[in-house]
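Below is one structure, written out as structure tokens; the observations come after it.
The values are calculated or read from the model by the stated rules, or taken from the named source; none is laboratory data. Note that this is a predicted model, so its numbers are computed, not measured. All Cβ positions, even for glycine, are placed from backbone atoms using ideal geometry, and neighbour counts span all protein chains on display.
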Amino acid sequence: MMQDLAMLKREVEKAVEEVKITDVHTHLFSPAFGELLLWGFDELVNYHYLIAETMRRQDMPYERFWALDKKEKCDLIWRTLFVENSPISEACRGVLTVLQKLGLDVGARDVAAYRDYYAGLSVGEFVDKAFALANLDCVIMTNDPFHEKERAVWLGGVDKDPRFLAALRLDGLLMSWADNYKVLQADGYEVDEGLSGKALAEVRRFLVDWIRRMDPVYMAVSLPPTFQFPEESARGKLIREAVLPVSREMNKPFAMMIGVKKRVNPGLGDAGDSTGKAAIEVVERLCADYPENKFLVTMLSRENQHELAVAARKFRNLHVFGCWWFLNNPSLIEEITRMRCELLGLGFTPQHSDARILDQVIYKWEHSRKIIAAVLFDKYADIARTGWMVTPEEIKRDVANLFGGNFWAFIER
């Protein structure tokens, strides 16, 4: 007996549409963080993807662009990318998807009406609306103990929203130790730039204190494609003698996002970052040498994706997640998700939003759900043709695991 493929397709699409999502990596903040939570039309259009795309078409000096106020930047981007050109890039399409899902008239191209709509909403109302439209259960933030404004909120005591979970970001510690060790000194930790004496023990104490303060799901760092381990640098010592022991002791996975080249075009600011191929051997070495540690890994280069999936087959302490940053494009999400299914079965987390503006969760999950559903249907159809019948309950189980269950099982084990 052959499974009805049309019915199978409907079951897969229904399960993916209805599943509640754990968004495992974002740059969002809860309303308790005030102005750090970005939302609204002007923020959405001023996203750095759109800035980079706009400045490719403008002869305007970068300094002149940055001197514009938020509304002026938004108007320039809108005119350049949406009026003078058709908005077919994924970042432009995302803006249109958000407007459509909010019930606004996309065809009218009425910027004033879009701004008026947002002006009529409170931040709390929009948080509720965004979570409902994206069908999110929770999002995991990126929380930096060295960011002055964010740090002040944490030290003052955060009114926690269970929909917004923390992740302890370590870039300031690992990538900028020479700039930030004095922050630890000012907080009473006995450290020095050379990491001598009891400094590493004090860094461990710092990490434990912030884990207790934030209750993060994991610790995370963004790393360049040149990252090596072990290495006799401040970063290498801090990972080996502080991060990995605390990660193991506190059962907080170490998330590595590998492959970003910072500010290849400094004039673009945050829009000036790029990507490069990294060495998969560093991931394999960490997983092999520290089997009691858990590692969450995503890599930025398309060329690293096959190697990363193969590495995940070999190490149960490695969990692969998401199509990060420049990979968050439909053609690449489809390609990478298919390849991961073929190598890892259902044992990974296919996507995260990486959203910096709350509105973005609406379009990123709208687009990703459809792609992931199509890949899943094809894979189920392949085994259905052998006579293997997949039940609706099994589909719901698999989908729930892909959109959060696998991640939480890895975190909690």
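The table below gives the values:
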item	result
Candidates Asp42, Asp59, Asp75, filtered to the one that is farther than 15 Å from Gly267 by Cβ and either over 26 Å from the mean Cα position of the chain (by Cα) or not in a helix (DSSP H, G or I) (or both)	Asp75
Hey, Gly267 among the small types (Gly, Ala, Ser) and exposed (fewer than 14 other Cβ atoms within 10 Å of the Cβ) or not	yes
Near pairs, Cβ below 8 angstrom, 6+ apart or cross-chain, from segment 264-293 (closer than 20 Å to Glu249 by Cα) to any residue that is among the hydroxyl-bearing types (Ser, Thr, Tyr) and part of a helix (DSSP H, G or I)	Asn293/Ser247
Options Arg169, Arg212, Arg205: the member that is under 27 Å from Phe321 (Cα atoms) and either surrounded by fewer than 22 Cβ atoms within 10 Å (Cβ to Cβ) or at pLDDT below 95 (or both)	Arg212
Whichever residue in segment 380-405 is without any contact (Cβ under 8 Å) to a residue 40 or more places away in the chain and part of a helix (DSSP H, G or I) and, among such residues, is surrounded by the fewest Cβ atoms within 10 Å (Cβ to Cβ)	Glu393
Criterion (part of a loop (DSSP other than H, G, I, E, B), closer than 23 Å to Ser247 by Cβ and not acidic (Asp, Glu)) met by exactly one of Val139, Val203, Val183, Val158	Val158
Hits in segment 191-207 - residues which are within 20 Å of Arg151 (Cα to Cα) and either without any contact (Cβ under 8 Å) to a residue 12 or more places away in the chain or in contact with a helix residue (DSSP H, G or I) (Cβ under 6 Å, 6 or more places away or on another chain) (or both)	Val191, Val203, Arg204, Phe206, Leu207
Contacts under 6 angstrom Cβ, first residue in segment 98-119 being among the polar types (S, T, N, Q), partner modelled with pLDDT of 95 or more, 6 or more apart	Gln100/Val106
Residue within segment 234-248 that is surrounded by fewer than 14 Cβ atoms within 10 Å (Cβ to Cβ) and without any contact (Cβ under 8 Å) to a residue 40 or more places away in the chain present	no
Selection within segment 78-112 - of a type in the set (A, V, I, L, M, F, W, C), assigned to a loop (DSSP other than H, G, I, E, B) and surrounded by fewer than 15 Cβ atoms within 10 Å (Cβ to Cβ)	Ile88
Candidate set from segment 297-328 (those that are surrounded by fewer than 18 Cβ atoms within 10 Å (Cβ to Cβ) and in contact (Cβ under 8 Å) with a residue 40 or more places away in the chain); member that is farthest from Phe403 (Cα to Cα)	Phe326
Residue ID - surrounded by the fewest Cβ atoms within 10 Å (Cβ to Cβ), chosen from residues in segment 31-45 that are aliphatic (A, V, I, L, M) and within 12 Å of Ile77 (Cβ to Cβ)	Leu44
Residue that is nearest to the chain's Cα centre (by Cα) [pool: residues in segment 9-30 that are surrounded by 19 or more Cβ atoms within 10 Å (Cβ to Cβ) and farther than 30 Å from Ser122 by Cβ]	Val16
Some residue of segment 345-364 being surrounded by fewer than 23 Cβ atoms within 10 Å (Cβ to Cβ) and part of a helix (DSSP H, G or I)	no
Residue that is within 22 Å of Leu332 (Cβ to Cβ) and of a type in the set (Gly, Ala, Ser), where the choices are Ala255, Ala234, Ala288	Ala255
Every residue from segment 50-77 that is surrounded by fewer than 19 Cβ atoms within 10 Å (Cβ to Cβ) and closer than 16 Å to Tyr363 by Cα	none
